[in-house]
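What follows is a set of notes on a single structure, which appears directly below.
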Amino acid sequence: MSRVVFDHVTKRFGDVVAVDDLCLEVHDKEFLVLLGPSGCGKSTALRLVAGLDQPAKGNIIIGDRIVNDVEAKNRNVAMVFQSYALFPHMSVYDNIAFGLRMRHVSRRERDQKVHDAALMLGLQDLLRRRPGELSGGQRQRVALGRAIVRSPSVFLMDEPLSNLDAKLRVQTRRELIKLHRQLETTVIFVTHDQVEAMTMGARVAIINDGALQQVGDPQDVYQHPANLFVASFIGSPAMNFFPSELQLQDGQLVALCAGARFPLGEEQARALAGLKGERAIIGVRPEHILLDWEGKEDSQAGLDVVVDTVESMGHEQHVTFSADDTTVVARLDAERSLREGERLRLRIDPAHMHFFDPETGQRME
Amino acid sequence: MERYRRWAGYALRYAVLLLLGGIVVFPIYMTVVNSLLPSTTIIAWPPELFPFDPQWDNFKKALDEVPLARYMLNSLVMSAVIVIGQLVTSALAAYAFAYLRFPGRTLLFVLFLSTLMVPWEVSVVPNFQTIQRLGWLDSYQALTVPFLATALGTFLLRQHFLTIPQELRDAAAIDGYGHIRFLVFVVLPLSRAVLAALAVFGFLQAWNQYLWPLLVTNEDSMRTVQIGLASLRGRDVDTFNITMAATVISALPMLIMLVLFQRQLVRGLTAGALKG
Amino acid sequence: MDAANATADQRLPLMAAARRLPQRLRGINRLGFALIFLVPSLVIFSAFVFYPLFKAVYLGFYETDPFGNQGDFVGLDQYRSVLTSESFRHSLWVTFLFALYTVPPGILLGLALALLANQKLPGISVFRVMFSSTVATSVAVASLMWLTLLNPSVGLLNYFLVEIGQPRIDWLNNLDWALPAVSATTVWLNLGLAFIVILAGLQAIPEELYESARVEGAGSLSVFWHVTLPMLSPTLFFVSVVGTILAFQSFGQIHILTRGGPLDATTVIVYSIWQDAFQRFDYGVASVQAVGLFLLVLGLTAVQLRFLERRVFYQ
């Protein structure tokens with residue numbers, strides 16, 4: 001059993017709280033991604049599991065035991081660093097074999113394991129070379145090899161793909177997913193790139209300012225962001241936000257914002273029924289912003305905007321609109337090309353409005 | 001239990017650091033102590049470890065009996081001139097080796113480096129004769145001119161210049177910069193760390209010189225701190241406190257600079273100036 | 001090539017003009033221009049490094065009269081007689097011992113202190129200043145400081161000896177202890193600089209390498225042997241080569257502490273050269289020794305480069 005549990009873990013550096021009362025369980029054999037902006041504490045959390053730092057409060061649990069006081073080398077974890085941290089003066093073989101040597105594994109067994117790992121990663125021909133002679137991608141695989149060869153209970157990866165160029169990154173992503181399926185070991189993967197997180201993780205844990213914002217599978221996090229931060233962090237282009245007020249009009253709950261009146265979808269109207277007169281921040285993803293071509297709909301349920309910039313993506317276009325003091329970004333199909341300065345009217349898909357409390361930023365249900 | 005072990009570990013580490021630091025600093029400490037002792041106590045046995053009756057007068061006496069101010073001025077002028085001279089000559093030479101293409105460049109560079117193979121002490125006799133013939137004995141020229149060029153400085157600066165991106169050179173050329181302007185306004189400002197490290201070590205080396213100033217200066221007015229202090233070695237034991245006071249005064253500027261610039265010193269070295 | 005440089009050349013008239021000259025003249029023109037940058041250094045080097053080297057060899061071929069004037073030409077005879085003389089071999093031995101007493105201990109101590117000062121403890125800068133403090137003392141200052149400590153009647157070293165029941169030692173006048181005493185002073189004098197250089201080398205080692213080793217299961221000793229030492233090898237090599245060269249050039253502390261005595265026990269080669277040249281005015285003999293020193297340093301450096309550099313790892 002190699003699950004990892006953060007049990008009310010807090011870590012401070014001087015006055016700065018790097019990890020704030022983190023409660024998170026990584027299931028056995030799961031591929032969990034820790035996602036968040038730079039400096040949010042995700043790398044610190046990873047290092048706490050590795051044993052490179054000690055928590056100020058709370059417990060780190062690996063499997064069944066509390067490992068707070070267990071040294072890094074005795075935790076049976078392997079870590080792949082962002083810059084790979086390969087020993088530049090050792091050959092690829094020696095780099096991979098290092099951990100086994102430290103654990104006094106017999107030479108024959110060592111040799112066997114190193115060759116197995118090298119084969120798995122396509123490094124068989126590079127064993128005599130030094131890291132300085134390898135490309136970035138090859139170095140990364142050596143770092144992986146070093147991690148795999150010890151058959152650890154947990155793999156810790158700290159932004160291992162960020163030093164690779166775009167194409168290699170995509171390729172390596174797929175290889176890592178395959179590798180995980182092959183090895184069946186728990187993986188905690190840290191990244192600031194949401195695309196990586198969404199494509200790789202069975203579950204994604206989003207962290208900001210040391211605190212866990214939300215954890216769930218990628219679809220869930222995308223469709224039901226738990227607060228403003230998650231809503232704005234996940235999804236590209238980012239979600240649009242409109243400060244609004246909920247009012248009752250003609251017996252229907254509507255949201256007044258940006259000079260327009262948007263009716264709520266049925267489900268939401270029911271859920272937020274008791275909040276008439278309250279203020280809320282409405283979040284709408286760019287793909288749920290619709291063009292109101294003929295103005296057929298209720299004239300007040302639309303937003304009058306002017307086209308600001310158009311970015312053509314080929315299969316779709318990302319259009320930035322401006323209205324008074326707001327900007328709206330929409331993803332529209334590329335059928336009709338829009339020009340700068342054009343005046344249009346926008347609608348919001350009522351089934352896809354997210355409501356957030358303006359004070360706490362939390363999702364309003 | 002773990003907490004306790006951790007604190008004990010810390011205590012041990014600090015104890016070792018303190019002990020070793022104490023041993024290293026000990027001669028300096030004793031010198032300061034001795035400089036403040038009265039002449040009766042300085043020859044006492046067992047030796048006094050703390051100046052309970054500090055004789056601040058000793059410093060005044062030291063300055064009166066020994067022309068320390070003059071010595072220090074000479075050392076300062078000599079070291080400053082040498083450092084500035086070295087920075088100028090090595091920056092110019094390094095620029096030529098890094099940016100100019102001319103026939104015999106490799107040969108001349110090797111020639112420069114070969115000077116590193118010749119220890120100063122080997123050339124000391126003929127150099128003395130040269131200075132003598134030029135009539136430069138007992139002058140600032142004698143103390144400074146032979147040291148105005150440095151192959152090590154040229155080498156290090158050239159290495160650093162080579163790391164400056166080609167785009168800067170191209171941009172400067174488009175903006176109409178000639179070589180001198182490029183050197184002065186672009187290259188040198190980017191080489192501040194290396195220049196600073198060279199300046200510091202050059203100054204230290206110049207300040208520390210012993211054999212050469214011994215040879216080329218005879219007049220008290222031209223002697224440097226090293227030679228001036230050395231002449232105090234033969235004094236009687238009971239005036240040791242004055243000797244120590246003179247030593248403290250001479251060491252003071254450097255010690256203060258060290259305390260203030262310790263971190264820059266280490267950083268200047270890690271700025272690639274001394275890799276391999 | 002020309003298209004890119006065209007604009008540049010419009011603004012650098014000298015270079016543009018040079019480009020229009022025929023090939024060979026262009027080369028000379030470029031050399032001439034470069035020489036402007038090189039002349040200051042070249043003049044100094046020629047006058048004070050190259051010329052004296054040849055002059056020293058030349059002086060060795062001539063006897064010198066008691067007044068310091070050049071005497072008869074004796075060719076290689078003087079070289080032979082001086083380099084095989086008892087006194088030269090003695091000073092060679094003293095110099096060798098001196099280097100042995102100062103360079104390896106200097107490196108080991110510098111390494112030990114640097115390792116200790118590389119820890120992330122609060123207030124570690126204080127200790128770094130303490131360890132590097134000898135950098136602020138110069139040859140004369142350090143020698144005078146130790147002169148007091150080594151003083152037979154009032155020095156602290158003898159006080160410690162007496163406290164543990166041993167007889168006092170007149171360190172600097174004792175045939176067995178003079179050289180070690182001078183060596184100790186030298187090690188102390190150079191400790192600050194060695195410490196700073198090695199510490200800089202240590203700090204250049206990426207933290208991640210240590211962490212990676214720890215996670216892989218390396219204990220402190222293994223980390224030192226497999227990570228620290230290899231990564232530090234260029235620095236240690238540098239300190240070793242430079243340290244040896246400097247050891248062979250030592251003069252100041254010997255001149256102040258022992259004047260080469262007692263009975264030439266601390267007469268290193270440079271001191272012998274100084275004595276012959278500036279006390280006995282025998283420039284011929286002195287020059288031969290100087291050339292000998294030159295060849296010795298050259299040889300030693302070559303040996304170190306050959307044997308030690310193999311174990312150095314460069315990135």
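No value in this document is a laboratory result; all are computed from the given coordinates. As the structure is a prediction and not an experimental result, all values here were calculated from the model. A quick note on method: Cβ atoms are made from the backbone with ideal geometry, for glycine too, and the neighbour counts reach across all protein chains shown.
Taking the centroid of alpha carbons for each part, the range A:78-95 and the range B:34-69 are 59 Å apart. Across peptide A:79-90, the average count of Cβ atoms from other chains found within 10 Å of a residue's Cβ is 5.
Percent relative contact order of the range A:185-272, based on C-alpha pairs within less than 8 angstrom and at least six residues apart?
Values: 87 pairs, mean separation 12.0, N = 88.
In percent, rounded to a whole number, it is 14.
Amide H contacts for residue A:80 (H built 1.01 Å from N in the peptide plane; partners 5 or more residues away or on another chain; cut-off under 5 Å): A:156, A:157, A:158.
For an R0 of 45 angstrom, estimate the FRET efficiency from the Cβ-Cβ distance between residue A:133 and residue C:69 and round to the nearest 0.05. It comes out at approximately 0.10. Within the listed set B:98, B:172, B:206, the Gaussian network model of chain B (springs between alpha-carbon atoms below 10 Å) gives the highest mean-square fluctuation for B:172. For the range A:213-286 and the range B:81-132, what is the separation of their Cα centres, given in Å? Distance between centres, Cα-based: 74 Å.
Compute the relative contact order of the range C:41-162 as a whole-number percentage, counting only Cα pairs closer than 8 Å that sit 6 or more residues apart in sequence. It comes to 9 percent, rounded to a whole number. For chain B, modelled as a GNM with alpha-carbon contacts under 10 angstrom, which of B:39, B:139, B:114 fluctuates the most? Top of the fluctuation ranking is B:114. Positive-end ranking of A:115, A:227, A:166 along the dipole of the range A:4-233, with charges on Cβ about the Cα centre, is headed by A:115.
Filter chain B for me: DSSP H helices, axial length by Cα at least 18 angstrom, mean Kyte-Doolittle hydropathy not below 0.0. List them by residue number. Membrane-span-like by this rule: B:2-35, B:68-99, B:192-207, B:240-268.
Taking the three principal axes of the alpha carbon atoms in the range B:68-228, the coordinate ranges are 56, 34, 22 Å, sorted in descending order. Phi angles of the range C:33-47 translate, via the Karplus equation with coefficients 6.51, -1.76, 1.60 and θ = phi - 60°, into HN-Hα couplings of 5, 5, 4, 4, 6, 9, 4, x, 5, 4, 4, 4, 5, 4, 6 Hz per residue; Gly and Pro are given as x. Per-residue Karplus couplings for the range C:133-149, computed as 6.51 cos²θ - 1.76 cosθ + 1.60 with θ equal to phi - 60°, are listed in order as 4, 5, 5, 7, 9, 9, 3, 5, 4, 4, 4, 5, 4, 6, 4, 5, 4 Hz, Gly and Pro entered as x. In chain B, the DSSP-assigned H stretches of four residues or longer account for a calculated mean residue ellipticity at 222 nm of -21500 deg cm²/dmol, using -39500 (n - 2.57) per stretch and the full residue count as denominator. Estimated purely from DSSP H runs of n ≥ 4, each contributing -39500 (n - 2.57), the mean residue ellipticity at 222 nm for chain A is -7500 deg cm²/dmol once divided by its residues. GNM on chain A, alpha-carbon springs under 10 angstrom: the most fluctuating residue among A:108, A:139, A:347 is A:108. Annotation: Cα Rg of the range C:37-117 relative to the compact-globule expectation 2.2 N^0.38 Å equals 1.73.
Once backbone amide H atoms are built at 1.01 Å from N, residue A:309 has A:320 as its partners under 5 Å, excluding neighbours fewer than 5 places away on the same chain. Based on Cα contacts under 8 Å between residues 6+ apart, chain A shows a relative contact order of 15 percent.
The Rg/Rh ratio of the range A:240-356, with both radii computed over alpha carbons and Rh defined as the Kirkwood radius, is 0.98.
Which Cα, out of B:207, B:154, B:139, lies furthest along the positive dipole direction of chain B (beta carbon charges, K/R +1, D/E -1)? Of B:207, B:154, B:139, it is B:154.
Phi angles across the range C:241-248 convert, under the Karplus curve 6.51 cos²θ - 1.76 cosθ + 1.60 with θ = phi - 60°, into 3J(HN,Hα) values of 5, 5, x, 5, 4, 5, 4, 6 Hz, Gly and Pro given as x.
Calculated [222 nm] ellipticity per residue, helices only, for chain C: -22500 deg cm²/dmol; basis is -39500 (n - 2.57) per DSSP H run with n ≥ 4, divided by all residues, nearest 500.
Viscosity 0.890 mPa s, temperature 25 °C: what is the translational diffusion coefficient of the range C:85-311 from Stokes-Einstein with a Kirkwood Rh over Cα pairs, rounded to a whole number of µm²/s?
D, rounded to a whole number, is 125 µm²/s.
With a Förster radius of 41 Å, plug the Cβ-Cβ distance of residue A:59 and residue A:276 into 1/(1 + (r/R0)^6) and report the FRET value to the nearest 0.05.
Details: r = 45 Å, r/R0 = 1.11.
Calculated value: 0.35.
As a proxy for reagent exposure, ranking A:42, A:73 by other Cβ atoms within 10 Å from fewest up yields A:73, A:42. Ordering A:18, A:273, B:99 by the projection of their Cα atoms onto the charge dipole of the protein assembly as shown, which places +1 on the Cβ of Lys and Arg and -1 on the Cβ of Asp and Glu, puts B:99 at the extreme positive end.
Fewest Cβ neighbours within 10 Å first, please rank A:267, C:309 accordingly.
Least to most surrounded, the residues fall as A:267, C:309.
Gain on full extension, evaluated as 0.36 nm per residue between residue A:174 and residue A:220 minus their Cα-Cα distance, stands at 14.4 nm.
Take the Kirkwood radius over Cα pairs of the range B:2-60, plug it into Stokes-Einstein at 4 °C and 1.567 mPa s, and you get 94 µm²/s for translational diffusion. Given q = 0.05, 0.09 Å⁻¹, what are the Debye log10 I(q)/I(0) values for the protein assembly as shown, with equal point scatterers placed on the Cα positions and solvent ignored? Log-scaled intensity ratios, in q order: -0.47, -1.11.
Projected label points at residue B:5 and residue B:61, each 7 Å from Cα along the beta carbon direction, are separated by 5.8 nanometres.
Show me the helices of chain A, taken as full DSSP H stretches, that run 20 Å or more along their long axis by Cα and average -1.0 or above in Kyte-Doolittle hydropathy.
Once both thresholds are applied, what remains is A:166-183.
The amide H of residue B:48, built 1.01 Å from its N in the peptide plane, has no neighbour under 5 Å, considering only residues 5 or more places off or on other chains. Counted residue by residue at 0.36 nm each, then reduced by the alpha carbon distance between them, the extension gain from residue B:16 to residue B:261 reaches 85.7 nm.
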